[in-house]
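Asks: Input: one structure, supplied below.
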Amino acid sequence: EPEVTQTPSHQVTQMGQEVILRCVPISNHLYFYWYRQILGQKVEFLVSFYNNEISEKSEIFDDQFSVERPDGSNFTLKIRSTKLEDSAMYFCASSWGDWGYGYTFGSGTRLTVV
Amino acid sequence: TQLLEQSPQFLSIQEGENLTVYCNSSSVFSSLQWYRQEPGEGPVLLVTVVTGGEVKKLKRLTFQFGDARKDSSLHITAAQPGDTGLYLCAGARRGGSYIPTFGRGTSLIVHP
């Protein structure tokens, strides 16, 4: 069964450093998303991406965050200057159609900012 | 932002028991989905419900969407240890953003 692949599975970074989280969505999917889940809290939407541009973003997705699909297969989330409160599991998801089709999530990247 | 309230927050039962978990909101949803998440993993889609009153079955799991499309339930018959996990509902509000909001989930533990 097709999978969404995320790398790395765990990243530790110092506060103020830039991090790039990588995702390879399912190949025929058209919609791409990033979510995060702070330990013990609910899954929160960050951003959606369709047709090579951001289609929607949440209040969490401020100027420190950016997304890119550089080569038609990878989908990346960059955090420019990490803060302690950015520590969380970051999930990439993709879908063939919009919300009604359901998302396939990756296994996540655990980001720890120290 | 619509709120999805899930109850109970925690559930610990013995193998073979039946259980129901609930997902409620004051908002009307165009569709609602249930996911199951295991520790350290991403959510895995179980089902999408779209029509008010709709009932869907997935082996021992029965999902129902409320007639008013504001709530949903998940019933598990004869629970097994493999059902252990965090059950999340997520809904997209009718007339609003199609981006879904997730509930906090029900953490289920099934003891052998």
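Asks: Quick one: dipole size for the protein assembly as shown, taken about the Cα centre, charges +1 on Lys/Arg Cβ and -1 on Asp/Glu Cβ, in debye to the nearest 20. Before the final figure, lay out the partial values.
Replies: Working: 19 positive and 23 negative charges, 54 e Å.
Dipole magnitude for the protein assembly as shown comes out near 260 debye.
Asks: Let me ask you something else. Which value, in Å² rounded to 10, gives the accessible area of B:SER26 with a 1.4 Å probe and all protein chains present?
Replies: B:SER26 has an accessible surface of roughly 100 Å² with all protein chains in place.
Asks: Let me spell out the model: positive unit charges on the Cβ of Lys and Arg, negative unit charges on the Cβ of Asp and Glu, origin at the Cα centre of chain B. What dipole size does that give, in debye rounded to 20?
Replies: Working: 10 positive and 9 negative charges, 75 e Å.
I would put it at about 360 debye.
Asks: Separation of the stretch A:35-86 and the stretch B:59-90 by C-alpha centroid, Å?
Replies: Cα centroid to Cα centroid, the span is 29 Å.
Asks: Local charge sum around B:GLN9 (other residues, Cβ-Cβ under 15 Å, Lys/Arg +1, Asp/Glu -1)?
Replies: Details: positive: A:LYS42, B:ARG104; negative: B:GLU5.
Net charge in that neighbourhood comes out at +1.
Asks: Taking Cα pairs under 8 Å and at least six residues apart, what relative contact order does chain B come out at, in percent? Don't jump to the answer; show the numbers that get you there.
Replies: Details: 297 pairs, mean separation 41.3, N = 112.
For chain B, the relative contact order is 37 percent.
Asks: Go ahead and set up a Gaussian network model of chain A, Cα springs under 10 Å, then flag whichever of A:VAL24, A:VAL67, A:VAL43 fluctuates most.
Replies: Of the options given, A:VAL43 has the highest mean-square fluctuation.
Asks: Between B:VAL44 and B:ASP67, what is the label-to-label distance in nm when each label sits 7 Å out along the Cα-to-Cβ direction?
Replies: It is 3.5 nm.
Asks: Turning to a different aspect of this structure: When only C-alpha pairs under 8 Å and at least 6 residues apart count, what is the relative contact order of the stretch A:26-114, in percent? If you can, show how the numbers build up before the last one.
Replies: Working: 159 pairs, mean separation 27.5, N = 89.
Averaging sequence separation for qualifying contacts and normalising by length gives 31 percent for the stretch A:26-114.
The values are calculated or read from the model by the stated rules, or taken from the named source; none is laboratory data. The structure presented is a predicted model; accordingly, all values stated were derived computationally and were not measured. Note: ideal-geometry Cβ built from the backbone for every residue, glycine included; neighbour counts use all protein chains shown. We work out accessible area using only protein heavy atoms, side chains counted, and drop any ligands, DNA or RNA first. Shrake-Rupley method; radii C 1.70, N 1.55, O 1.52, S 1.80 Å.
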